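The values are calculated or read from the model by the stated rules, or taken from the named source; none is laboratory data. Please read these numbers as outputs of a predicted model, since none were measured by experiment. Every residue, glycine among them, receives a Cβ derived from its backbone with ideal geometry; neighbour counts consider all protein chains shown. The accessibility values were calculated without ligands, DNA or RNA, using every heavy atom of the protein model including side chains. Shrake-Rupley method; radii C 1.70, N 1.55, O 1.52, S 1.80 Å.
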Amino acid sequence: MKHGDILKKNHILYTLTVFLLLTFSSTSGCIDTPAAPAAFADKNALDSYGWSQVGTVEQRTIEQKITTSTSVSFNSTIVKYRNDRLEKDIESQVQEFRDQYRLPDSFEAPYITSEVQVNRITLPAGVRLPGDMMNRILESKSKEMSSENNIDGLRSSGTRQITLKNGLTVPVYTYEGNRGSGNESLGVIAIITAYESEESSTIITGIVPNGSMSVSLGPVNGTLYTIDGERELQEMLKLISTIQ
């Protein structure tokens, strides 16, 4: 993690701690925080679109002192998903490229597919995140996505809307950037959305490859694979609308 990203996360944690200090200024001891229930996508939707869960649910707890006599904890769960169908599609296109140019199987193509991460957070005593704090977390998430996925020039590109299973309509913020450099670069679409229930906040991030990946290997010049990012994005939005 870059030094700047660490400072930004520490600043968010500090601001959140101040907010909790003001909220619980008359309380002493340990303030209970409810467990953060994992937020899962609908299994039928995962099967239909060819997605799968990556690994197991990650559970995290951060303990934080807000006074000499009071401490709080923030609980979170993280669930990750990836698009297996798109991964196989890319592998098929890469194999066609190998066959066309008679490249050995040892030829390695840049790995990428669509991915989603769902982070559910609970605060002490059911406190909800203030609006400005949520905005700071979303800003931090966009920088985190850029750093973790080696995306250059990530920039805001618009807002979409999705309707959740509970009927709530929430905005989805979209970003665009590039992964790689020169002729061997690929466009990327990133998304961030967040919503709150009575006892938790849910933050969802995702990335979608977009466009064509070209390669230049001596006499071999061509398109390794092509991805319709807009179509993949529409599918991702339908998938995350089933998360609850």
* Considering each residue of segment 198-232, count those that are closer than 30 Å to residue 36 by Cα, part of a loop (DSSP other than H, G, I, E, B) and not polar (S, T, N, Q), and give that number. => 2
* Can you tell which of 216, 201 is surrounded by fewer than 22 Cβ atoms within 10 Å (Cβ to Cβ) and free of Cβ contacts under 8 Å to residues at least 40 places away in the same chain? -> 216
* To do: Look at residue 48 and say whether it is farther than 30 Å from residue 231 by Cα and either modelled with pLDDT under 90 or open to solvent by 70 Å² or more (accessible area, probe 1.4 Å) (or both).
  => no
* Asked: All but one of (1) in a loop (DSSP other than H, G, I, E, B); (2) on the phi > 0 side of the Ramachandran plot; (3) touching a residue at least 24 places away in the same chain (Cβ under 8 Å) hold for residue 165; which doesn't?
  -> (2)
* Consider only pairs whose beta carbons are under 6 Å apart and that are at least six residues apart or on different chains; among these, list those whose first residue lies in segment 223-244 and is of a type in the set (D, E, K, R) and whose second residue is crowded, with 20+ Cβ neighbours inside 10 Å and not in a helix (DSSP H, G or I). => 232/114; 232/208
* What's the number of the condition residue 122 fails, among (1) among the hydroxyl-bearing types (Ser, Thr, Tyr); (2) within 20 Å of the chain's Cα centre (by Cα); (3) at pLDDT 90 or above? -> (3)
* Out of curiosity, is residue 147 in a strand (DSSP E or B), of a type in the set (S, T, N, Q) and either under 28 Å from residue 76 (Cβ atoms) or modelled with pLDDT under 85 (or both)? -> no
* To do: For segment 189-223, name all the residues that are at pLDDT 90 or above, within 26 Å of residue 107 (Cα to Cα) and not hydroxyl-bearing (Ser, Thr, Tyr).
  => 207, 208, 209, 210, 211
* Test result for residue 155, assigned to a strand (DSSP E or B), open to solvent by 10 Å² or more (accessible area, probe 1.4 Å), in contact (Cβ under 8 Å) with a residue 12 or more places away in the chain and under 23 Å from residue 45 (Cβ atoms) -> no
* Is there any pair with a first residue in segment 77-88 that is in contact (Cβ under 8 Å) with a residue 12 or more places away in the chain and open to solvent by less than 10 Å² (accessible area, probe 1.4 Å) and a second that is aromatic (Phe, Trp, Tyr) and part of a strand (DSSP E or B) whose Cβ atoms are under 8 Å apart and which are 6 or more apart or on different chains, and what are they? -> 81/51; 83/51
* Asked: Among the residues of segment 104-118, how many are touching a strand residue (DSSP E or B) at 6+ places or on another chain (Cβ under 7 Å), open to solvent by 20 Å² or more (accessible area, probe 1.4 Å) and not acidic (Asp, Glu)?
  -> 3
